[in-house]
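Some notes on the structure that comes next.
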């Protein structure tokens, strides 16, 4: 969710204890939406004869959060906040069943300490430690933000309505951020701990810079993903070919034929390097258009492009051109009728399904595929417990969208039909506290996992939309202060 920055809303409630001033910010919301079309079908792993159909699925949730900022001194500030949300929606329709789930989740909005040099509102230098929100491309409403969300190999993209990593009021980083600014130039150095995608607890180092020249703003960055591993053995799964229970630990990322014996055993690393470039151009300022009746973001065109992994592996990751996502967005002017009307389109020519189900471990320590253990163990029983990104997706129980069998008639269709994504986002703030949001999109939305079952393709790791015909709509009403 994207609310207007708290700094431009009315003053939040203030409390002063001694010499410490506390500022409170909060919000509450309710969502409702529906998947209007989903060509893909997913086999229910809990009941293999059932094929789930997402068409017509209802999606809804309620949630709230509150954050307190403590002004400790002229140069020191602390932030602490908590939020919770409950989602209740259908998972899928089978020939003889209709599955509905209800999930509760909680999260930290902030848990950080920041030292400032200069004005806190626009510091020349600051250092933040802890859990904090960080959005390097604030124009993005849905697509983009490639540098700091999603893995490198496989290059799975993230997105969707209310997606956590695009919310500027939730802590999506855990680590250290050093910020420096001088004039129209700013730069950030971030050391971030991996908590969501296994193997967890690895450290990534990212650098981002931005420069504004009148109506044009240019930015760029690099992310050395998993630069400091928790356990280096886990970074190249499949290399250990010792015997385990009488069989070799052999993993692969490619399937070259329908013959299971014909496998390409090209190995890759969980580590990798991402680079990204951003652009934002205010057409109002460029052409001297009067902005008195417009919102500040109207007539702004913005773009982002990245390279997901600089190193090639085998034939699946052989072409860098297939690892370059490009997103372009435009804020359509509404002359005050709406706060934002943003249209975004994205192209990504990766030749594998956008599914995180092949990343993680399956063992008794803390299985990635169990909802009651949402964070996998950083030290599985064996390297073999880490599943590998497999480019071959066979037709099983009606799941045809992800099929990639080299040399078959299905090759071309299934490799390219999910390359284009789009999103239309609108919001309106009324009475300075109430926000209405709506979105219609074919994006990287992933259905929520089953409450007590497996987190797999049919429960939270795979995109729901894999065809140009697919789309969904969402609506939110919220209150913030």
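The values are calculated or read from the model by the stated rules, or taken from the named source; none is laboratory data. Being a predicted model, the structure only gives us computed values, none of them experimental. Quick reminder, even Gly has a Cβ in these numbers, built from the backbone with ideal geometry, and neighbours come from all protein chains shown.
Worth a mention:
- Single unsatisfied condition, residue 145 versus (1) surrounded by 16 or more Cβ atoms within 10 Å (Cβ to Cβ); (2) modelled with pLDDT under 95; (3) under 30 Å from residue 36 (Cβ atoms): (2)
- Index of the failed condition, residue 319 passing every other in (1) at pLDDT 85 or above; (2) within 30 Å of residue 179 (Cβ to Cβ); (3) out of contact with any helix residue (DSSP H, G or I) (no Cβ under 8 Å at 6 or more places or on another chain): (2)
- Considering (1) in contact with a strand residue (DSSP E or B) (Cβ under 8 Å, 6 or more places away or on another chain); (2) under 19 Å from residue 155 (Cβ atoms); (3) at pLDDT 50 or above, the lone condition that residue 441 does not fulfil carries the number (2).
- For the range 75-96, taking the residues that are closer than 12 Å to residue 54 by Cα and part of a strand (DSSP E or B), the one that is modelled with the highest pLDDT is identified as 89.
- Complete set of residues in the range 289-305 that are part of a loop (DSSP other than H, G, I, E, B), surrounded by fewer than 18 Cβ atoms within 10 Å (Cβ to Cβ) and in contact (Cβ under 8 Å) with a residue 24 or more places away in the chain: 293, 294
- Failed condition for residue 51, given (1) more than 30 Å from residue 477 (Cα to Cα); (2) modelled with pLDDT under 85; (3) surrounded by fewer than 19 Cβ atoms within 10 Å (Cβ to Cβ): (3)
- When the range 322-365 is filtered for residues that are modelled with pLDDT of 75 or more, surrounded by fewer than 17 Cβ atoms within 10 Å (Cβ to Cβ) and either touching a helix residue (DSSP H, G or I) at 6+ places or on another chain (Cβ under 6 Å) or assigned to a loop (DSSP other than H, G, I, E, B) (or both), the ones remaining, listed by number, are 332, 334, 335, 336, 337, 349.
- Search result, residues across the range 97-142 that are exposed (fewer than 14 other Cβ atoms within 10 Å of the Cβ) and closer than 19 Å to residue 25 by Cα: 106, 121
- Test for residue 211: is it in a strand (DSSP E or B) and either surrounded by fewer than 18 Cβ atoms within 10 Å (Cβ to Cβ) or at pLDDT below 80 (or both): yes
- Screening residue 161 with (1) within 18 Å of residue 445 (Cβ to Cβ); (2) touching a helix residue (DSSP H, G or I) at 6+ places or on another chain (Cβ under 8 Å) gives one miss only, at (2).
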